[in-house]
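Working notes, structure below.
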Amino acid sequence: MMAVTLTILVTLLSLLSTPSCGRMVGEKTEIADVRTNREVQDLGRFAVEEHNRGLRLWRNNVDDGGEQLKFAEVVEAQQQVVSGMKYYLKISATHNGVHRMFTSVVLVKPWLHSKKLLNFASSSSI
């Protein structure tokens, strides 16, 4: 019985570490057609909204709009299977009327109906 369990475990581990269609499990992969992918665009909008919400909390809920970003679009995206799906987004947004690029990481766990902003930064700072 122990030998069968061990054999199954070894087989499963080897399958998880074997390239699948040229990719490794957990490897980042490009998302095609980002500009027309509604889910990716919604994640970009979510990231900007969470960033703005964090700014308001940091400034004690003062919403003068001065530092708020306005989402334009996600221009590039990658995904990575983790405990859920991690999305790496390059976002175009405006800040005080000036167009800027930002990078963001969002973790989605569909079975928990959860989305969490893990990182948001100006793309020049990464």
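The values are calculated or read from the model by the stated rules, or taken from the named source; none is laboratory data. The structure displayed is predicted, hence computed values, not measured ones. Counting neighbours? That spans all protein chains shown, and the Cβs are built from the backbone with ideal geometry, glycine included. Calculation scope for accessible area: heavy atoms of the full protein, side chains included, ligands and nucleic acids excluded. Shrake-Rupley method; radii C 1.70, N 1.55, O 1.52, S 1.80 Å.
Of note:
- Just so you know, in the stretch 99-126 the residues that are of a type in the set (Val, Ile, Thr), assigned to a strand (DSSP E or B) and without any contact (Cβ under 8 Å) to a residue 40 or more places away in the chain include one that is farthest from residue 78 (Cα to Cα), and it is 103.
- Residues located in the stretch 86-98, provided they are in a strand (DSSP E or B) and free of Cβ contacts under 8 Å to residues at least 40 places away in the same chain: 86, 90, 92, 94, 95, 98
- Of note, residue 83 does not satisfy the criterion of being open to solvent by less than 60 Å² (accessible area, probe 1.4 Å) and in contact (Cβ under 8 Å) with a residue 12 or more places away in the chain.
- Restricted to the stretch 86-98, and to residues there that are closer than 14 Å to residue 74 by Cβ and of a type outside the set (Gly, Ala, Ser), the residue that is most open to solvent (accessible area, probe 1.4 Å) is 90.
- Residue 59 vs. criteria of a type in the set (D, E, K, R), modelled with pLDDT of 95 or more and over 19 Å from residue 28 (Cβ atoms): no
- Residue match in the stretch 55-70 (condition: in contact (Cβ under 8 Å) with a residue 24 or more places away in the chain and in a strand (DSSP E or B)): yes
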